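The values are calculated or read from the model by the stated rules, or taken from the named source; none is laboratory data. These numbers come from a predicted model, not from an experiment. Glycine also receives a Cβ, built like all others from the backbone with ideal geometry; neighbour counts cover every protein chain displayed. Note: accessible area is taken over every heavy atom of the protein model, side chains too, but ligands, DNA and RNA are not part of it. Shrake-Rupley method; radii C 1.70, N 1.55, O 1.52, S 1.80 Å.
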Amino acid sequence: MDLASIMYLAVTFGLFVIFALIVGNTYKRKNKQKKEAPKYRMMDDD
Amino acid sequence: MWEKKPILLMLMATAAILVGTTITMILPFVWVNTEADRIEGVTPYTPLEQEGRDIYMREGCNNCHTQTVRPLVAEVLRYGDYSKSGEFVYDRPFLWGSKRTGPDLARLGGKYPDAWHYQHMETPRSIFPKTNMPAYGWLSNNALKPDKVRRKMQVLGFPHSEAQIAELATKNEMDAIIAYMQKLGSDIPWRQTGRTEIVGELRNPFSGADQTTLAGWRPLYQSNCSACHGTNMEGGIGPELVGDYYDEETLFRIIYDGIAAGGMPAYANLGSERVWQLVNLIKYDQSTGD
Amino acid sequence: MGKPQYHTDIVKSFVNWSLVWGVVAVLVGVIVSFQMINPDLNYPPYFTFGRLRPIHTNAGIYGWGVGTIFAMFIYMVQRLCKTPLWSLGLARFQLWLFNATIIAAAVTLLLGYNTTLEYHEMEWPIDLMIVVLWVVFSINIIMTIIKRKEEQMYISLWYMMAALIGVAILFTVNALAVPVSAFKSYSIFAGTNSANVQWWFGHNAVAMALTAPPLAMFYYFLPKSTGVPIYSHRLSIIAFWSLIFMYLWTGAHHLLWTPIPDWIQTLAMAFSIMLIAPSWGSVINGYMSMKGQWHQMRDNYLVKFLILGITFYGLQTLQGPMQAIRTFSAFIHYTDWVPGHIHMGTMGWVSLVSVAGIYFLLPRIYGREVYSIPLANLHFWLVVIGQLIWSTSMWISGILQAGMWNAMNADGSLTYTFTETMVEMYPYWWIRAIGGVIYLIGILVFIYNVYMTVQKGKEPAPKLLEVEGRA
Ligand code: HEM
Ligand code: HEM
């Protein structure tokens, strides 16, 4: 593999990891209450 | 985490936006418009042409006309050789457009004689009665401003001589926009190299057609040729058409390939059948011309 | 603790002015659609198709679209942050600058000061005005968010912040030019680079002005109108990050088959298809929020506007990726099909959601019930029918046009000359123009309803009463 392909794979992989981290963090069971809270709180703003 | 920290969230959003931006918008500068793109023969616009280009932009011709030919069979047949990156290096900005209400103009230069353009710009409907292109005759009333154009050429860094600038005083906006149109796409010699070859022997498929059949083909002449050769082939922008001057085969070649140097457009895109009908009409129809 | 004193007068003003520019945009749209049928309707030098079309698009996107964005963001940010707007003075300045900018843009475009960059046609002095306008707006919104009383931010705020940043970056880069005189400049980018930068801007103007802000509104007004929270806040978060990440890669789908390097085109194509996921993330979130609430489609006209809006968004984000595929693009690019796509997005998605927002606001900013719900329903049907006629006629004519452009005879020659193909478009351009007139009537009904609400609307139920004492 040449340098360009390695860079390409590294970037793609890196992005994928970031995405997985966001999904993981968002959907962690422990976080459920917290992450869903705003949708209830926004209902009583007026 | 970030859902409680707006600044952090915005920084992250900026980072997300910048990834695709860097790769697809910034990175290409490394390759585009570099030496590798350069095409011999592509020259900057002259003062008259550049001013014509600016008028084209001012009038928003790009809302109806595109300026890039894609490498697709029907498109190359209709407009000419497909566009290359190097042809646009002096275009600030590009004028490729996004809508073809009118035809593509990327290969317009040299397709028609100047006289055709003057007539078409003045009254497009005199050439195509059903076109929706607006009339631009009023451009002839507007003089050019040499000093302004000089300044533009300096900002663009295009070569120009004082003689060229001085000459502008004698021209109007119509002259400028037509000069620009004659420049479009003609920096590469595609007309000479790109001709569609007619292969095989040429044989008139309509030999001996009677006068009524011929009369049925007259609308074909009226819609494509009469603007230049007159309603009765008596001549106008192009010469009078006299059937006896040429044999069938030569006539076919003239119409099919055009006479690039003389301002006679090529009509290969009508298809050989219809070109043969025109040949027969010119040579044998007794109601017109000779 | 008392309720925060929200500023609503400034919201009223933005709503009113965006309505004015919206009517102008649609009216000019109708005019240009007739000019395409009859060129005698061009009155040179100012009122020609070439000069009016950019006025239509910019009045639509900036006057109507961004005008409502200003109104809605200022309204929403205060509620979602439970705190008054950071600076009322700044917002008032913004209102004046906004109108001055739109007027300056319209006048200069009529005069022919046109950069030809789509949705960026204004010359550099107006660009400067727009930059100041956006900075002033952003500071106000961001400062309000920073000073918020609600710790955790609702998804609408996320989309709002992304839009603020996105537009700022995109607009500024595409504006880079060397001035020659007060109203003429040359882009610093040339040829193929200029094309690539323009459509990186152009497509993301769609993302940051016509997608993210209406999504912010949708996520706010749907639960507010139905009385039921959004289905999943977490889904909206995933969709958010994917959407703002992916959009920026796709600009070159406007440039398929052109001299742009192939790899950029391929990336654009791939990311356009991937974009279906985050787009439909929001669509599904909207539909799921309606679980058990579908009867509201009948009873509640606000829901009707919102759900039809998100449905058009869903269709738009399936059709868009399809257009981004090389083979399909080869066929429909440059044809009438594309305006069909555009107007489903602008007249369908953006306008329906904005209008729902305005109906929702009326009782809350004016303290009056909406004058007539039957009229609101009439408005709904007129704009939906008008838009469907508009888009459908263009999809049909686009396919017809593409078919004729590509038709070839057995001997390899083209079947039709260009003018033979264009005359076939006239019937469809007529149908479109009629669709446009129906739509325009719908808008006039809307304006009448708004006007009567302000003049004659009844006092609302006490719950809605919260007209502020000051400002
Ligand atoms: C009655 C309503 C409307 C009518 C009759 C109308 C008409 C038109 C027409 C005739 C065109 C030119 C299409 C072409 O060149 O083939 C156009 C283009 C456009 N319109 Fe509208 N329009 C309407 C509403 C809107 C609204 C509300 C918006 C935006 C918020 C909008 C945004 C645009 C845009 C962005 C284009 C550019 C299309 C392109 O670049 O290909 N239009 N419109
Ligand atoms: C996943 C989402 C979307 C994708 C992949 C997409 C794709 C495309 C493509 C490929 C084109 C170019 C068509 C051509 O010229 O051949 C286009 C044009 C356009 N789209 Fe979309 N679209 C999407 C969503 C939207 C939305 C939500 C709107 C909102 C109004 C919108 C507005 C426009 C406009 C205004 C243009 C015309 C640009 C021009 O002037 O040529 N699109 N879209």
- Note on the structure: Amide H proximity to C:Leu414 below 5 Å, modelled H, separation 5+ or other chain, gives B:Gly271, C:Asn409
- Scattering profile of the protein assembly as shown from the Debye formula, Cα beads only, expressed as log10 I(q)/I(0) at q = 0.04, 0.07, 0.08, 0.10 Å⁻¹, is -0.19, -0.57, -0.73, -1.07
- Item | Computed magnitude of the charge dipole of chain B (debye, nearest 20; Cβ of K, R +1, Cβ of D, E -1) | 1400
- Query: Under a point-charge model restricted to the Cβ atoms of Lys and Arg (+1) and Asp and Glu (-1), what is the dipole moment magnitude of the stretch B:211-285 relative to its Cα centre, in debye to the nearest 20?
  - Reply: 240
- Item | Rounded to 10°, Cα long-axis angle of helix C:212-226 versus longest principal axis of chain C | 50
- Which Cα, out of B:Thr212, B:Tyr245, B:Tyr284, lies furthest along the positive dipole direction of the stretch B:211-285 (beta carbon charges, K/R +1, D/E -1)? B:Thr212
- Which trypsin sites (Lys or Arg not before Pro) does the stretch B:1-109 hold that lie in a coil by DSSP with at most 14 other beta carbons within 10 Å? B:Arg38
- Taking a label point 7 Å from the Cα of B:Glu273 along the Cα→Cβ vector, which residues of the stretch C:392-431 have an amide N closer than 12 Å to it? C:408-416
- Message: Between B:Thr123 and B:Val42, what is the label-point separation in nm under the 7 Å Cα-to-beta-carbon projection?
- Response: 4.0
- Message: For a test of the definition: using alpha carbon positions, the gyration tensor, and the 1.5 limit on a/c, classify the stretch B:47-183 as rounded, prolate or oblate.
- Response: oblate
- Task: Run the 1.4 Å probe and let me know the accessible area of C:Leu255, rounded to the nearest 10 Å².
- Result: 0
- Roughly what angle does helix C:351-366 make with the longest principal axis of chain C, taking Cα atoms, 0 to 90 degrees, to the nearest 10? 20
- Query: Relative to the Cα centre, what is the charge dipole magnitude of the protein assembly as shown, using +1 at the beta carbon of each Lys and Arg, -1 at the beta carbon of each Asp and Glu, and rounding to the nearest 20 debye?
  - Reply: 4540
- Task: Write down the accessible area per residue of the stretch B:47-183 in Å², having rolled a 1.4 Å probe over the full set of protein chains.
- Result: 35
- Under 20 Å from the Cα of A:Lys28, which lysines turn up, not counting those fewer than eight places away in the same chain? A:Lys39, B:Lys4, B:Lys5
- Task: Report the full-extension gain for the segment C:Val423 to C:Val135: residue separation times 0.36 nm, less the Cα-Cα distance, to one decimal in nm.
- Result: 99.0 nm
- Task: Give the angle, between 0 and 90 degrees and rounded to the nearest 10, that separates the Cα long axis of helix B:47-58 from the longest principal axis of the Cα atoms of chain B.
- Result: 80
- Message: What's the total accessible area buried between chains A and C, using a 1.4 Å probe, rounded to the nearest 100 Å²?
- Response: 2200
- Message: Just to confirm a number: summing +1 for Lys and Arg and -1 for Asp and Glu over residues other than B:Gly137 whose beta-carbon lies under 14 angstrom from that of B:Gly137, what do you get?
- Response: -4
- Which lysines, on any chain, are close to B:Lys99 with Cα under 22 Å apart, when same-chain ones fewer than 8 places away are left out? B:Lys84, B:Lys111, B:Lys130, B:Lys183
- Once you have the Kirkwood Rh of the stretch B:211-285 from its Cα pairs, apply Stokes-Einstein at 37 °C and 0.692 mPa s and quote D in µm²/s. 268
- Query: How would C:Leu52, C:Leu318 rank on accessible area, largest to smallest, probe 1.4 Å?
  - Reply: C:Leu318, C:Leu52
- Based on DSSP H runs of at least 4 residues, each adding -39500 (n - 2.57), what is the mean residue ellipticity at 222 nm of chain B after dividing by all its residues, to the nearest 500 deg cm²/dmol? -11000 deg cm²/dmol
- Note on the structure: Ordered by number, the trypsin sites (Lys or Arg not before Pro) in the stretch C:70-148 that occupy a DSSP loop and have at most 13 other Cβ atoms within 10 Å are C:Lys147
- Task: State which stretch of chain B is the longest one without any exposed GluC sites (Glu not before Pro), exposure meaning a DSSP loop state and at most 11 other Cβ atoms within 10 Å.
- Result: B:41-196
- If we count every other residue with Cβ under 15 angstrom of B:Ala36's Cβ, Lys/Arg +1 and Asp/Glu -1, where does the sum land? -3
- Task: Calculate one ³J(HN,Hα) per residue across the stretch B:137-150 by plugging θ = phi - 60° into the Karplus curve 6.51 cos²θ - 1.76 cosθ + 1.60, and present them in order as whole Hz with x for glycine and proline.
- Result: x, 4, 4, 5, 7, 9, 6, 8, 10, x, 5, 5, 5, 4
- Amide H neighbours of C:Thr48 at under 5 Å, excluding residues fewer than 5 places away on the same chain, with H built from the backbone geometry, are C:Tyr43
- For the stretch A:8-16, 3J(HN,Hα) per residue [Karplus equation, 6.51 cos²θ - 1.76 cosθ + 1.60, θ = phi - 60°, Hz, x = Gly/Pro]: 4, 5, 4, 4, 4, 5, x, 4, 5
- DSSP-assigned coil residues among trypsin sites (Lys or Arg not before Pro) in chain A, each with at most 12 further Cβ atoms within 10 Å: A:Lys28
- Message: Tell me which of A:Leu9, A:Gln33, A:Phe19 sits at the most positive position along the dipole axis of the stretch A:3-43, charges placed on C-beta atoms (Lys, Arg +1; Asp, Glu -1).
- Response: A:Gln33
- For the protein assembly as shown, with all protein chains present and a 1.4 Å probe, just round the carbon and sulfur fraction of the accessible area to a whole percent. 66
- Under a 1.4 angstrom probe, counting protein chains only, how are C:Phe418, B:Phe252 ranked by accessible area, largest first? C:Phe418, B:Phe252
- Enumerate the calculated ³J(HN,Hα) couplings along the stretch C:246-256 in order (Karplus 6.51 cos²θ - 1.76 cosθ + 1.60, θ = phi - 60°), each rounded to whole Hz, writing x wherever the residue is Gly or Pro. 6, 4, 5, 8, 9, x, 5, 6, 7, 10, 5
- Message: Keeping all protein chains in the complex and leaving out DNA, RNA and ligands, what accessible area do you get for C:Ile264 with a 1.4 Å probe, in Å² to the nearest 10?
- Response: 0
- Query: Peptide A:18-30: average number of partner chain Cβ atoms within 10 Å per residue?
  - Reply: 3
- Item | Pairwise burial C:B, computed as accessible area of each alone minus the pair, summed, 1.4 Å, Å² | 7800
- Could you order C:Tyr231, B:Tyr112 by accessible surface area, starting with the largest, using a probe radius of 1.4 Å? C:Tyr231, B:Tyr112
- Query: Within the stretch C:396-439, what residues put their amide N at less than 11 Å from the label point 7 Å along the Cα-to-Cβ vector of B:Leu77?
  - Reply: C:405-417
- Note on the structure: Non-local residues with an amide H under 5 Å from the amide H of B:Ile259, with H modelled 1.01 Å from N and Pro and chain starts lacking one, are B:Met264
